[in-house]
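The values are calculated or read from the model by the stated rules, or taken from the named source; none is laboratory data. Predicted, not measured: the structure shown is a model, and the values here were computed from it. Counting neighbours? That spans all protein chains shown, and the Cβs are built from the backbone with ideal geometry, glycine included. These area figures cover heavy atoms from the full protein model, side chains too; ligands, DNA and RNA do not enter into them. Shrake-Rupley method; radii C 1.70, N 1.55, O 1.52, S 1.80 Å.
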Amino acid sequence: MITLSNLRCEYSVNPLGIGEDAPRLSWIINDPSIGVRQTAWQVQVDSSRETLLKGGSGLWDSGHVESDQSIFVSYGGPCPISRQRCWWRVRVWDQHGDASAWSEPAFWEMGLLTAGDWHATWVNSAIVGGARTTAPAPYLRRSFILDGEMKKARLYVTALGLYECHINGARIGDAAFRPGRTDYHKRLQYDTIDVAAHLRRGENVLGAILGDGWYCGHTGSRDRQNYGDRPALLAQLEITFSDDSVQRIVSDEKWRWSAGPILENDLLMGESYDARLELSGWSAPGYDDRAWRPALPAADPGVPLVAPPNPPVRAVMKIHPVAEPSMLDKGRYLFDLGQNIAGRARLRGLTGRSGHTVRLRFAEMLQRNGELYTENLRSARATDYYTLSGSENSNSVWEPRFTFHGFRYIEVSNLPLDFVPTRETVTGIVLQSDTPVTGEFSCSEPLLNQLQSNIQWSQRGNFLEIPTDCPQRDERQGWTGDAQIFIRNACFNMDVAGFFAKWQDDLADTQRSDGAVPGVAPDTGIVHDSRPEFQFHPGDAGPAWSDAIIICPWTIYRCYGDTRILERHYGELKRYLLYLESISTDLI
């Protein structure tokens with residue numbers, strides 16, 4: 001008996017905030033029998049789960065379609081409107097003409113599809129760094145009263161920089177580095193989050209912490225503030241009540257801001273945290289924010305706000321040191337994770353007097369004398385600082401929010417002399433775009449198995465928002481040559497369809513008017529250097545690098561059957577080939 005599972009819309013299960021007019025639907029056929037194959041399918045879509053279960057298809061009924069297609073079946077009903085939830089189910093017929101039962105219903109929900117759907121305005125704070133100077137992270141909050149029987153609640157949120165949202169004292173979600181990395185001159189992603197479980201009758205508080213991220217932090221060895229001088233927030237909380245009335249809490253001048261314990265945050269340099277400055281209860285009702293200042297209006301970047309097609313960055317695993325830390329000298333210890341990772345170090349159980357500052361440095365290798373090898377980091381400081389409040393205990397935990405490092409070794413120095421660290425003091429938190437493992441390889445040769453392990457770890461370490469060439473030094477750019485040479489293997493190892501669909505948008509954003517394609521996407525100008533391979537033509541990184549704009553979407557089509565990535569970007573692919581023809585001699 002055929003059963004159907006893993007119903008997906010676009011690249012996700014039951015996604016919120018879809019931005020496609022004709023979302024694509026996929027499913028998996030399960031049957032233990034040999035030779036079972038799909039010969040036809042039928043999809044029904046309705047605005048109500050209950051109606052759908054009764055056979056309703058108010059939005060679309062495909063009817064019996066003779067086809068073996070079970071991935072990327074385009075929805076064929078009327079264009080959904082902003083915020084609309086669409087419930088769908090599917091059944092199929094096998095090679096004998098026998099129909100399966102209907103699948104369990106799944107859904108997708110539309111995001112905010114037009115600029116007119118946004119009622120929020122951009123806000124920021126007076127905290128600003130400099131071209132080489134990092135700055136504290138601003139905390140923003142807004143208190144409001146909720147009165148009525150709530151039916152649903154959605155938070156639509158984005159930032160110039162990075163954001164971490166809180167409601168009533170609790171962090172919202174587990175994604176890191178949201179809303180992700182784009183060229184902020186061209187496009188900005190926003191997130192849609194179901195926050196109903198966090199709200200209650202009476203006073204509520206919506207808060208956010210802003211990080212510099214790729215917007216105004218270091219993105220390479222040059223100055224900071226590539227796009228702007230400080231991070232900004234755009235947030236719109238929509239609460240729908242049982243009578244279908246809507247209450248909106250939007251970012252505006254009613255919000256208030258304050259500096260807090262995050263004294264500096266930079267993706268390349270690191271993060272500094274002073275626990276003495278913690279704002280206890282800052283995002284909970286009843287907090288006294290009279291000393292906070294009114295939020296400042298920020299300029300609208302004037303770029304499209306788009307729903308992200310790619311999975312967010314998440315902590316995907318923990319790595320514990322392979323042994324007890326080794327003491328280098330008094331108060332200075334070295335921890336070895338036994339594995340290079342991209343991520344952060346989590347401190348646990350650190351205690352000491354108020355004002356005592358501990359330093360964490362990171363490296364992939366050691367020198368012959370056992371000290372960290374950091375020359376390859378170049379100008380990336382890759383150093384975190386934690387200043388104790390004096391109230392920490394054995395259960396206290398600290399982990400940075402707005403930075404990451406590439407490392408195997410962690411040097412923790414200036415520890416209180418009466419504090420003896422153990423393996424449990426430091427944990428490595430592996431961060432990557434949430435691309436589940438889909439392929440495995442092993443054989444009888446240990447060396448080949450180690451090679452495959454190295455490949456998988458390299459992919460984990462370099463698939464963080466964009467496909468980078470390294471997670472540790474002072475660039476971490478989306479190098480096109482590296483991506484196109486590795487993409488086929490990446491597709492074997494993990495589900496990277498959504499990851500590369502988003503990066504193809506980044507490639508499109510980089511393309512010059514003449515069709516030339518730079519060597520990194522998003523383009524930060526880093527390819528304009530003295531190396532001969534990057535002097536092929538102004539704005540073009542040359543063969544193999546720029547070719548990624550064609551090789552990558554073609555590979556995604558070959559591996560996943562995604563024709564839309566080719567349809568959507570065909571104009572850019574053609575323009576690049578015409579550009580190559582225009583600068584060639586006899587097509588060379």
Is there any pair linking a residue in region 108-132 that is without any contact (Cβ under 8 Å) to a residue 40 or more places away in the chain to one that is part of a loop (DSSP other than H, G, I, E, B), with Cβ under 8 Å and at least six apart or on different chains, and which?
114/82; 117/82; 117/83
Would you point out which residue out of 74, 33 is surrounded by fewer than 18 Cβ atoms within 10 Å (Cβ to Cβ) and modelled with pLDDT of 95 or more?
74
What is the residue count in region 540-584 for residues that are over 14 Å from residue 504 (Cα atoms) and among the β-branched types (Val, Ile, Thr)?
1
Hey, residue 176 more than 28 Å from residue 84 (Cβ to Cβ) and either among the small types (Gly, Ala, Ser) or at pLDDT below 95 (or both) or not
yes
Might you check whether a residue that is hydroxyl-bearing (Ser, Thr, Tyr) and open to solvent by less than 30 Å² (accessible area, probe 1.4 Å) occurs anywhere in region 283-294?
yes
Note: among 270, 343, just one is touching a His at 6+ places or on another chain (Cβ under 9 Å) and within 30 Å of residue 8 (Cβ to Cβ), namely 343
Conditions first: (1) at pLDDT below 95; (2) closer than 22 Å to residue 273 by Cβ. Residue 208 passes all but one, so which condition is the exception?
(1)
Scan region 318-327 for residues that are surrounded by fewer than 16 Cβ atoms within 10 Å (Cβ to Cβ) and outside any loop (DSSP other than H, G, I, E, B) and report the count.
3
When region 130-181 is examined, which residues are found to be under 26 Å from residue 267 (Cβ atoms), part of a strand (DSSP E or B), open to solvent by less than 20 Å² (accessible area, probe 1.4 Å) and among the small types (Gly, Ala, Ser)?
159, 176
What's the number of the condition residue 25 fails, among (1) under 29 Å from the mean Cα position of the chain (by Cα); (2) exposed (fewer than 14 other Cβ atoms within 10 Å of the Cβ)?
(2)
Residue check, residue 100 crowded, with 19+ Cβ neighbours inside 10 Å and among the hydroxyl-bearing types (Ser, Thr, Tyr)
yes
Filter result (assigned to a loop (DSSP other than H, G, I, E, B) and open to solvent by 30 Å² or more (accessible area, probe 1.4 Å)) within region 49-61:
54, 55, 57, 58, 59
Please give the number of the condition residue 153 fails out of (1) farther than 18 Å from residue 282 by Cβ; (2) under 18 Å from the mean Cα position of the chain (by Cα); (3) of a type outside the set (Lys, Arg).
(2)
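Okay, residues lined up against (1) free of Cβ contacts under 8 Å to residues at least 40 places away in the same chain; (2) over 20 Å from residue 175 (Cβ atoms):
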site	(1), (2)
208	no, no
220	no, yes
246	yes, yes
250	no, yes
264	no, yes
268	no, yes
272	no, yes
275	no, yes
279	no, yes
Condition set touching a strand residue (DSSP E or B) at 6+ places or on another chain (Cβ under 9 Å) and assigned to a loop (DSSP other than H, G, I, E, B), scope region 421-453, selection most open to solvent (accessible area, probe 1.4 Å): answer is 438
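So that you can scan it fast, the table gives a plain yes or no per residue for (1) open to solvent by 40 Å² or more (accessible area, probe 1.4 Å); (2) within 25 Å of residue 410 (Cβ to Cβ); (3) in contact with a strand residue (DSSP E or B) (Cβ under 7 Å, 6 or more places away or on another chain):
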position: 243; (1), (2), (3): yes, no, no
position: 246; (1), (2), (3): yes, no, yes
position: 249; (1), (2), (3): no, no, yes
position: 255; (1), (2), (3): no, no, yes
position: 259; (1), (2), (3): yes, no, yes
position: 271; (1), (2), (3): no, yes, yes
position: 275; (1), (2), (3): no, yes, yes
position: 280; (1), (2), (3): yes, no, no
Which of (1) under 19 Å from residue 30 (Cα atoms); (2) without any contact (Cβ under 8 Å) to a residue 24 or more places away in the chain does residue 92 not meet, given it meets every other one?
(2)
